[in-house]
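The values are calculated or read from the model by the stated rules, or taken from the named source; none is laboratory data. Note that the structure is a prediction, hence the values are computed from the model and not measured. Cβ placement follows ideal geometry from the backbone for every residue including glycine, while neighbour counts extend to all protein chains displayed.
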Amino acid sequence: MKFTDSPVIELSVNDTRLSFHQDNGSMHVGTSVWPCSLVLVKFVERWQTPPECAAGENPYADALNFSSKRGIELGTGCGVAAMGLYLLGLRDIVLTDIAPVMPALKHNLKRNKPALKKNLKTSQLYWENEQQLRSLNPPFDYVIATDVVYIEKAVAPLIRAMEGLLADDGVVLLGYQLRSPEAHELFWEMCEEFFQIQKIPHDHLHPEYAYEESDVYLLRKKKNSRNS
Ligand SMILES: C[S@@+](CC[C@H](N)C(=O)[O-])C[C@H]1O[C@@H](n2cnc3c(N)ncnc32)[C@H](O)[C@@H]1O
């Protein structure tokens, strides 16, 4: 499935159906649902209940063990990834974005309240705002980000936010699609500096949510990264 103009996007997570209202006409990209978010959630769902391997053979068993873990999503938009991962067991999760996107996020949280059965935490966060970052009380076991690399000047603050929020043994769950060659180049150059990068093979994605353009990465802190 590609980016779609449909005002409603649905996503089944195990037996629960999430439904998101998107507004593609707004000037803020966060009011749309972007495919990487769906791809990430369905990748996690697939490997939490892997169809083709025994429990001991699941290569993602440790990375996706959400039990008693804390997570934060950066640039959550309509909240697809965070809501999906909440249903997959990441119970302590905070959804963040810039102020103008908050109404769309809150609308979608309310829309999905019957499925979630809980009010998930939200917080306004601009990646470049050190005070906001500190007030979130890091570290987090998981930093989640999908389709957030598209503006070159936002790359450095994004990487700093990821690095600063993540626990030393934490994992960034990244849904990625190339949007801007300049932002792409800088992002991966800086990622190399701070993180060990694991790209998920396409045949490990959920077969119905494996789009050619969308990738999933697991990033882990390098022991000698500049900020640590
Ligand atoms: C392309 S949208 C992706 C939204 C959502 N993650 C998804 O996959 O559907 C990029 C998101 O990053 C957020 N964003 C961009 N720059 C930001 C910044 N400097 N600080 C915080 N959020 C930012 C936008 O508001 C938007 O919600």
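Here Tyr60 passes the criteria (1) crowded, with 16+ Cβ neighbours inside 10 Å; (2) more than 16 Å from the ligand (Cβ to nearest atom); (3) closer than 19 Å to Asn108 by Cα; (4) not charged (D, E, K, R) except the one numbered (3). Looking across the range 30-83, just one residue is of a type in the set (Gly, Ala, Ser), at pLDDT 95 or above, over 22 Å from Asp169 (Cα atoms) and not in a loop (DSSP other than H, G, I, E, B), and that is Ser37. Just to be sure, is Gly71 within 12 Å of the ligand (Cβ to nearest atom) and crowded, with 20+ Cβ neighbours inside 10 Å? So Gly71 does not fit the description; no. In the range 138-228, which strands (runs of 3 or more DSSP E) lie fully inside it and hold 2 or more residues that are touching a residue at least 60 places away in the same chain (Cβ under 8 Å)? It comes to 140-146, 166-176, 215-221.
In this structure, Phe66 does not qualify as within 16 Å of the ligand (Cβ to nearest atom) and in contact (Cβ under 8 Å) with a residue 24 or more places away in the chain. Mind listing just one residue for me: the one in the range 5-40 that is touching a residue at least 60 places away in the same chain (Cβ under 8 Å) and β-branched (Val, Ile, Thr) and, of those, nearest to the ligand (Cβ to nearest atom)? The qualifying residue nearest to the ligand (Cβ to nearest atom) is Val29.
Have a look at Ala161, Ala156 and point out the one that is among the hydrophobic types (A, V, I, L, M, F, W, C) and near the ligand (Cβ under 9 Å from one of its atoms). Criteria check complete, one pass: Ala161. The combined condition, being under 30 Å from Asn137 (Cα atoms), more than 11 Å from the ligand (Cβ to nearest atom) and without any contact (Cβ under 8 Å) to a residue 12 or more places away in the chain, is fulfilled by Pro114.
The residue pairs whose first member lies in the range 83-109 and is small (Gly, Ala, Ser), whose second member is in a loop (DSSP other than H, G, I, E, B) and away from the ligand (no atom under 14 Å from the Cβ), and whose beta carbons are closer than 7 Å, counting only pairs six or more residues apart or on different chains, are Gly89/Phe66; Gly89/Ser67. When Ile93 is tested against (1) assigned to a helix (DSSP H, G or I); (2) more than 13 Å from the ligand (Cβ to nearest atom); (3) in contact with a strand residue (DSSP E or B) (Cβ under 7 Å, 6 or more places away or on another chain); (4) of a type in the set (Val, Ile, Thr), exactly one condition is not met: (1).
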